[in-house]
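A.B. asks: The structure follows.
The values are calculated or read from the model by the stated rules, or taken from the named source; none is laboratory data. Note that the structure is predicted; figures quoted are calculated from it, not measured. Reconstructed Cβ throughout: ideal geometry from the backbone, glycine too, with neighbour counts over all protein chains shown.
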Amino acid sequence: MEKENLEQPLVSIVTPLYNCETIISATIDSVIDQTYPNWELIIVDDVSTDNSVEVVEEYIKKDNRIKLIKLPVNGGAAIARNKGVENAKGRFIAFLDSDDLWKETKLEKQINFMLTNDYAFTCTNYEQLDDKTNKILRIIKAREKADYRLVIRYNPIGNSTVIYDCKKLGKVHIPEVRKRNDYALWLKMLRMEKYVYGLNEVLATYRIQKKSLSRNKVNLIKHQWHVYRKLEKLSFFKSLYILSFVIMTKILRIK
């Protein structure tokens, strides 16, 4: 970890990348436009087959805060995120998916929120945007504070809104599962830290694409079940009981 700037500690932003040549520029631009300047953006390419890497390399020529790591084989988002965290030099770790966007004051407001309140694990509100129509579909609000018991039943945490403090928690290894690894990470961290604290402001945009997991409710539920049974080691009946809350939430959203 680099020598800490007490006023503006370094934030390491971890972005896994796979075949996002048409949208990765907007994501990177949303980081460059941050009012908080002390960051490094670690983009980990998971063997993209399009021109994603070439797009990133053009940005690197202009801004040395942007780094690119190329994985030798495709391993999925969890492995890419872990490689980014492993190479992070900042006190704070932030996550930003390659198809998401940040509001320009995101880092400034959230880091101030954490330092002022001495919080180790935080998230913010975020909006869901239809990638085709650019229409805001809904706002997902973070809870003022959420513990393991709440998050295991209902996940209010958007991946691209999370920042955690390595000084307090260390670098946390992400469970290496293909899907729902971010959710599995939140549960793991909530066994280390009692609460994740929410900043009640929309500071990130999640672009809903046709291929998005959130579009496929059956797959989401299947992977949720895997987290409960295989990672959290919950009993069959407890997993079934908790999953009923997830299913009802999805049904209500559809309606």
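A.B. asks: Being at pLDDT 95 or above, under 28 Å from Ser25 (Cα atoms), in contact with a Leu (Cβ under 9 Å, 6 or more places away or on another chain) and of a type in the set (Asp, Glu) is true for just one of Glu201, Glu193, Glu127. Which residue is that?
C.D. replies: One residue alone meets the criteria, Glu127.
A.B. asks: Which residue out of Arg153, Arg149 is under 20 Å from Ile242 (Cα atoms) and in contact (Cβ under 8 Å) with a residue 40 or more places away in the chain?
C.D. replies: Just a single option satisfies the conditions, and that option is Arg153.
Conditions (1) over 20 Å from Leu17 (Cα atoms); (2) modelled with pLDDT under 95; (3) outside the structural domain of Asp46 (by TED's automatic domain parsing), marked per residue:
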residue: Gly75; (1), (2), (3): no, yes, no
residue: Lys83; (1), (2), (3): no, no, no
residue: Leu96; (1), (2), (3): no, no, no
residue: Glu104; (1), (2), (3): yes, no, no
residue: Asn117; (1), (2), (3): yes, no, no
residue: Cys123; (1), (2), (3): yes, no, no
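A.B. asks: Which condition number does Ile60 fail, the rest of (1) in contact (Cβ under 8 Å) with a residue 60 or more places away in the chain; (2) aliphatic (A, V, I, L, M); (3) over 17 Å from Tyr195 (Cβ atoms) being met?
C.D. replies: Of everything listed in (1) in contact (Cβ under 8 Å) with a residue 60 or more places away in the chain; (2) aliphatic (A, V, I, L, M); (3) over 17 Å from Tyr195 (Cβ atoms), Ile60 misses just condition (1).
A.B. asks: Quick test for you: out of Glu57, Glu40, pick the one residue that is surrounded by fewer than 19 Cβ atoms within 10 Å (Cβ to Cβ), in the same structural domain as Asn181 (by TED's automatic domain parsing) and either of a type in the set (D, E, K, R) or in contact with a His (Cβ under 9 Å, 6 or more places away or on another chain) (or both).
C.D. replies: Of the residues listed, the single one that is surrounded by fewer than 19 Cβ atoms within 10 Å (Cβ to Cβ), in the same structural domain as Asn181 (by TED's automatic domain parsing) and either of a type in the set (D, E, K, R) or in contact with a His (Cβ under 9 Å, 6 or more places away or on another chain) (or both) is Glu57.
A.B. asks: Among the residues of region 92-117, which ones are surrounded by fewer than 19 Cβ atoms within 10 Å (Cβ to Cβ) and in a loop (DSSP other than H, G, I, E, B)?
C.D. replies: Passing the criteria: Glu104, Thr105.
A.B. asks: Follow-up question, since we're still on this one. Which residues, taken from region 146-177, are hydroxyl-bearing (Ser, Thr, Tyr) and farther than 20 Å from Gln110 by Cα?
C.D. replies: Tyr148, Tyr154
A.B. asks: Could you check how many residues of region 122-140 are out of contact with any helix residue (DSSP H, G or I) (no Cβ under 6 Å at 6 or more places or on another chain) and closer than 29 Å to Arg191 by Cβ?
C.D. replies: So the count comes out to 4.
A.B. asks: If you don't mind, there's one more thing I want to ask. Can you report the number of residues in region 157-202 which are hydroxyl-bearing (Ser, Thr, Tyr), touching a strand residue (DSSP E or B) at 6+ places or on another chain (Cβ under 9 Å) and not in a loop (DSSP other than H, G, I, E, B)?
C.D. replies: Result for region 157-202: 4.
A.B. asks: When you scan region 72-80, do you find a residue that is touching a residue at least 24 places away in the same chain (Cβ under 8 Å), within 18 Å of the chain's Cα centre (by Cα) and farther than 23 Å from Thr205 by Cα, even just one?
C.D. replies: Yes - at least one qualifying residue is present in region 72-80.
A.B. asks: Looking at Arg143, Arg153, can you tell me which residue is closer than 25 Å to Leu234 by Cβ and either of a type in the set (A, V, I, L, M, F, W, C) or touching a helix residue (DSSP H, G or I) at 6+ places or on another chain (Cβ under 6 Å) (or both)?
C.D. replies: That would be Arg153, the only listed residue that is closer than 25 Å to Leu234 by Cβ and either of a type in the set (A, V, I, L, M, F, W, C) or touching a helix residue (DSSP H, G or I) at 6+ places or on another chain (Cβ under 6 Å) (or both).
A.B. asks: When you go through (1) assigned to a loop (DSSP other than H, G, I, E, B); (2) touching a Phe, Trp or Tyr at 6+ places or on another chain (Cβ under 9 Å); (3) among the small types (Gly, Ala, Ser) one by one for Ser25, which number turns out not to apply?
C.D. replies: Every listed condition holds for Ser25 apart from (1).
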